[in-house]
1. Report the calculated FRET efficiency for K73 and K168 (r = Cβ-Cβ distance, R0 = 35 Å), to the nearest 0.05.
2. I need D109, D92 ordered by Cβ neighbour count within 10 Å, fewest first.
3. How much length is gained on full extension from K60 to R142, taking 0.36 nm per residue of separation minus their Cα-Cα distance?
4. Would you please state which residues of segment 1-26 a label at E160 would reach in this model, taking the label point 7 Å out along Cα→Cβ and a backbone N cut-off of under 18 Å?
5. What's the exposure ranking of R155, R108, R90, going from fewest to most Cβ atoms within 10 Å?
6. Give the aspartates and glutamates whose C-alpha is closer than 20 Å to that of K168, dropping any in the same chain fewer than 8 places away, or say none.
7. Between N135 and E43, with labels modelled 7 Å along Cα→Cβ, what's the label distance in nm to one decimal, could you check?
8. In whole percent, what relative contact order does segment 16-166 give with Cα contacts below 8 Å and a gap of six or more residues?
Amino acid sequence: MYFEQQNIQWNNFNPNNIFFKKGILTKGLESELNLISYKTKTEYYKDYEVGVFVQLVNTKEEFPNAHINFHCKNPTQGITHVQQLVHGHRIDNLVYLYSHHLNSRWGRDAQGNWKRIFEGDPKPLDEGYGIEMHNMTASCPRSFQEQIQIVLAVRKCLVELVLPHNEKKMLTKVA
């Protein structure tokens, strides 16, 4: 499995807790990724005590984005009793990986409608993904470090595994 080989200092999560939502971009990667199906966030919150849930979005674009939800109902690794009382027992963080591979500006098309106009060459795969964190909290530095390392590993997985796999699938369809 892909995440067993990544340099992550595991604390509240482990490689088996990283789940990708099944979809067109993950098809054929079952041997490398834990794939699950769900419709809403409520489903995996109900079914899993601990997990990092990755959903690839904008899957028809050249450079898809990823939504990463960290979920742990009772994090206890590396947390003192006082930290548990002060910070609670829950990890519920959201991180987005957004593609910034293509420079663009807004302009009008021939009919006068606004649209994005892409300019220049795309950035290399490994440089084009930005990270946006929302409600990123941790009860101790070790837990925060783990989550950052997981985000970077998901980004690396997207660049090294998912995108090349799908490029290969597209080439075989053309041939």
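Only the coordinates and a few stated rules stand behind these numbers; no lab work does. Keep in mind the model is a prediction, meaning the values are calculated, not measured. Because the Cβ atoms are built from the backbone with ideal geometry, glycine has one as well, and the counts that use them run over all protein chains shown.
1. Efficiency at R0 = 35 Å is approximately 0.35.
2. Working: D109 9, D92 14.
Result, fewest neighbours first: D109, D92.
3. 25.9 nm
4. Label zone hits: 1-10, 14-20.
5. Listing R155, R108, R90 from fewest to most nearby Cβ atoms yields R108, R90, R155.
6. Within the straight-line cut-off, K168 pairs with E30, E32, E61, E62, D126, E160.
7. Distance between the two pseudo-spin positions: 2.0 nm.
8. Numbers: 224 pairs, mean separation 28.0, N = 151.
The normalised contact order for segment 16-166 reaches 19 percent.
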